[in-house]
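This report refers to the structure that appears directly beneath it.
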Amino acid sequence: MSRQSLKIGVFGFGVVGQGLYEVMQKSPALDDAIVKICVKNRKERSLPDSFFCYNPDEILKDDSINTVVELINDHEAAYTIVKGALESGKNVVSANKKMIAENMEEMIALQKKNNVSLLYEASACGSIPIVRSLEEYYDNDLLTSVTGILNGSSNYILSRIFDNNQEYDTALREAQELGYAEADPVFDVGGFDSLYKLIILTMHSFGIAVNPEDVLRQGISHISDFDINYAKEKGLKIKLAGQVERLSNNRITLFVLPRLVGPEKYIYSVDEEFNGVVIKGLAYDKQFMFGKGAGGNPTGSAVLSDITALMHNYKYEYKKAKYFEPFTYCKDAVIEIYLRTTNPEDLELFGFQSVSEEYHGPDASFVTGMISMNALLEAQEILNRDTIFIAATGKALNY
């Protein structure tokens, strides 16, 4: 396979951008590959000012630049940059999971139309090469589920709560000080980050682009001491996990929920800012991938891996979408959840099909039982109340 020389224009020089530059200094094959770095504001940085530009067109309209690396937080600006780069015939590496998840079908079409490549390993699980593994190694019809801790920030917070007995607010503040969580942490602790990553993994697992707005998503921001004690009394931890599961008749379902996890599960021992992904298949049972999911250098290393792949003209083939019978997204699967509320009357708002455990006390009430995904999706606004916390128990879905 021929190898091409890269001239790279980078958008963004925050935590990930600086992490990329640092790891690239350790890769002699990419010496002087970065031509320009586009940023929004002038300020003193670790590199000379000659590296930087402030107008996106200085990269997008520069014919000598054949590769764009997009590393900004603004998903709308990222969309404009990535689309413009692809339409200009430039290959692109992106870490913007929200932009990719919300525009997956269009991004695939743009690559095909302009005969270019968009790679986004860093958008999914930090340093874990999960996208390319699903695309290349699991490019068969044996895959049954992908489940994992996809957000390092929320996992760090939960680890501090369960392993160090910290309060939620203390653990969150510590995660922010370490750069794992943003000043406004809702993207991480609200489950949005995990959701967008799950949408991306679903495309490469089952070949279907699912609208994020159609997927059940709950985060950890409403967790209380009652929930923490409930889990500890049962020898469990609470982890924020995303899951896509294959059902019968070529259907899949997916969701992002806090999960009650026992020590027999792989993700039980995934702590701090690490991510862990369990891949399950018909012939190989379970396989586990583990690595850092937050921080500039781990994410920068994933970006570097994509850049190196572009040197060898690599493209995603989206094999599951091309070569296999199409899957459909199903919302009527049934799962078991733990639902706690400080207002007992809230429990009457949910249509549990069966109840295995129920408690009513002066400070909180809860029900553990089977309920359809549709019922939870219809109750999304109720679930968003700060008086309610839910967690999946991990029991098998209704196939």
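The values are calculated or read from the model by the stated rules, or taken from the named source; none is laboratory data. Quick caveat: nothing in here was measured; it's all calculated off a predicted structure. So basically every Cβ, Gly included, is an ideal-geometry build from the backbone, and we count neighbours across all protein chains shown.
The rows are residues; the columns are (1) out of contact with any strand residue (DSSP E or B) (no Cβ under 7 Å at 6 or more places or on another chain); (2) among the polar types (S, T, N, Q); (3) modelled with pLDDT under 95.
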| site | (1), (2), (3) |
| --- | --- |
| K319 | yes, no, yes |
| K322 | yes, no, yes |
| A333 | no, no, yes |
| M370 | no, no, no |
| E381 | yes, no, yes |
| T393 | no, yes, no |
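When the strands (runs of 3 or more DSSP E) confined to the range 341-399 are screened for residues that are crowded, with 18+ Cβ neighbours inside 10 Å, those reaching at least 1 such residues are found at 365-372, 388-392. Contact map, the range 343-361: residues that are over 18 Å from A333 (Cβ atoms) paired with residues that are loosely packed, with under 12 Cβ neighbours inside 10 Å, Cβ distance under 6 Å, separation 6+ or inter-chain. Pairs shown: P344/H360.
The lone criterion from (1) acidic (D, E); (2) over 30 Å from L119 (Cβ atoms); (3) out of contact with any Phe, Trp or Tyr (no Cβ under 9 Å at 6 or more places or on another chain) left unmet by D285 is number (2). Checking K112, K98 one by one, the residue that is among the basic types (K, R) and surrounded by fewer than 18 Cβ atoms within 10 Å (Cβ to Cβ) is K112 and no other.
Please tell me if L119 is touching a strand residue (DSSP E or B) at 6+ places or on another chain (Cβ under 7 Å), of a type in the set (A, V, I, L, M) and within 24 Å of H222 (Cα to Cα).
no
One residue alone among S94, S159, S123 is assigned by TED's automatic domain parsing to the domain that holds K265 and within 19 Å of the chain's Cα centre (by Cα), and that residue is S159. Taking helices (runs of 4 or more DSSP H) as the structural unit, those lying wholly within the range 207-323 and holding at least 2 residues that are of a type in the set (D, E) correspond to 225-233.
Out of all the residues in the range 139-155, is one or more at pLDDT 95 or above, touching a helix residue (DSSP H, G or I) at 6+ places or on another chain (Cβ under 7 Å) and surrounded by fewer than 22 Cβ atoms within 10 Å (Cβ to Cβ)? No.
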